[in-house]
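Reviewing the structure listed below.
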């Protein structure tokens, strides 16, 4: 998931976690926890992980999902 | 989108979101929500994302769009 | 475990360790140390190592376990 | 130990070493230097080398020892 080395990652892992619970993930995506749970049940939300019985979202998966929902826009227009 | 590590990003994600809704994005760009919606429909605005039925703008995409609209200016003039 | 060269790895090894103890690993996975110990006894947790009598988790093994618990989500949907 | 060519390895060798002394190796493994010395005397620690009177551990041997102490865990379970 990360390209940097295992020691750096372990050092960071001792200070925090890349995982968000459902409500944290929903707040990040600016949608309600209720909608995120609905999307999950429908198989339409971001990838999630069952750490035993706890559902967690990796920050990378939230960003990937959002990116997949992107409409191109007009970065190179000169309107 | 970010080059820094996943834990830092997850920690920040628990405190806030990089996404703005249409009116927030418009205010950031100093244009009206009505104009931003018009640009979106015309495919001429910043990239947007459909988080389920909610349209969001990532701050990076707003900055990128703005930068694409930049005119070179005269930084190296000695007028 | 790393693909880069042995000298780089040794240099990094002099500055830190890729191993987390049980409580550090549990915090990283956002579960309790008690649950992680239970999963370990049940053979259902991440791979662990006995460095003599000390149990350690390699950061790569924690990430691999989490990934194995992933539900696919909908990265490629256009819902 | 490395598969790449001798010139590359020599160039890298001019910049650093893949060897750790006992205390560095112990810190890397998250055990005490005292325990590592005890394991060495008991023939139960990682492979070590006597460079003349100096005992050194190659980073690859530390990783190999740790790997040999691994309990499988449950990477492929869907518990």
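The values are calculated or read from the model by the stated rules, or taken from the named source; none is laboratory data. Here the structure is a predicted model, which means the values were calculated and not measured. As a convention, Cβ positions derive from the backbone with ideal geometry for all residues, glycine included, and neighbour counts pool all protein chains shown.
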Return yes or no: is residue C:14 more than 7 Å from chain A (Cβ to nearest Cβ) and under 26 Å from residue D:24 (Cβ atoms)? yes
Residue list for region C:27-44, filter: closer than 16 Å to residue D:71 by Cβ and in contact with a helix residue (DSSP H, G or I) (Cβ under 7 Å, 6 or more places away or on another chain): C:36, C:37
Considering only residues that are at the interface with chain C (Cβ under 7 Å from one of its Cβ atoms) and at positive phi, look in region A:24-54 and name the one that is modelled with the lowest pLDDT. A:52
Just to be sure before I move on: is residue A:16 in contact with a helix residue (DSSP H, G or I) (Cβ under 6 Å, 6 or more places away or on another chain) and over 29 Å from residue C:59 (Cα atoms) in the structure I sent? no
